[in-house]
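Note sheet for the following structure.
A short reminder: the numbers here are calculations on the coordinates, not readings from a lab. Everything quoted here is computed from the prediction, not taken from an experiment. A quick note on method: Cβ atoms are made from the backbone with ideal geometry, for glycine too, and the neighbour counts reach across all protein chains shown.
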Amino acid sequence: MYDVEKFITAGSDSFCGVCSRWGHVEAKCGALKMPVCMLCAGQHLTMNHKCNVVGCKANAGQNCTHTVDKCVNCKGNHIAKANVCVKKQEAIKKAREERRTWKEREGERQNVTTDQQKKPDQVEDGGPSTAEAEKKVPEEEQPEKEPEVQVVSTQATSEASSNAGIPETPMKQW
């Protein structure tokens with residue numbers, strides 16, 4: 001059998017429900033044995049948070065008026081996911097920058113793929129290809145071509161007539 005991990009895309013703005021920090025998710029948390037509540041920064045999972053006031057009707061995992069909010073990330077007097085949290089704002093800003101960079105890189109990869117798929121006589125600026133440009137260059141400006149090859153028979157005429165039916169072997173002469 002194979003060990004399989006669930007694939008979860010996590011960015012800088014991902015929030016962990018175990019340690020209540022930004023930048024990863026529960027599946028990748030390194031503090032599984034040391035949970036932190038996102039409501040009070042206590043050493044328990046948020047779902048296990050309970051009010052210590054006798055007679056409070058708040059259910060486990062819910063915030064109530066008796067709870068003193070505390071952010072584990074910036075130590076502010078708000079819950080860890082609060083929009084006023086500086087650490088949350090930084091995480092969102094960083095994630096936006098990462099996504100912008102990813103989109104730019106993806107666009108570059110797509111451009112490279114598109115360029116590779118172009119026909120050889122197409123160029124990016126829409127101008128003529130090398131082959132087309134060579135056609136338009138005057139003959140005196142074109143590079144020298146190799147000389148043409150002449151075929152000369154190695155056998156004399158009398159031998160050619162005596163060996164009727166056997167083809168002559170041509171020889172190249174430069």
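Which order do the peptides 51-60, 9-18 come out in when sorted by mean C-beta neighbours inside 10 angstrom, highest first?
On the way: 51-60: 10.6, 9-18: 16.6.
Ranked from most to least packed, the peptides come out as 9-18, 51-60.
Give me the percent of Cα-Cα pairs in the range 1-71 that sit more than 15 Å apart, rounded to a whole number. Result: 58 percent of Cα pairs exceed 15 Å.
Once the piece of chain linking residue 62 and residue 81 is laid out straight, how much longer is it, given 0.36 nm per residue of separation minus the C-alpha distance between them?
Values: separation 19, 0.36 × 19 = 6.84 nm, distance 1.37 nm.
Gain on stretching residue 62 to residue 81: 5.5 nm.
For the range 26-109, the alpha carbon positions stretch 61, 27, 20 Å along the principal axes, listed from largest to smallest. How far apart, in nm, are two points set 7 Å out from the Cα along the Cα-to-Cβ line at residue 94 and at residue 28? So the two model labels end up 1.2 nm from each other. The protection proxy used here, the mean number of other Cβ atoms lying within 10 Å of each residue, ranks peptides 72-80, 26-34 as follows, highest first: 72-80, 26-34.
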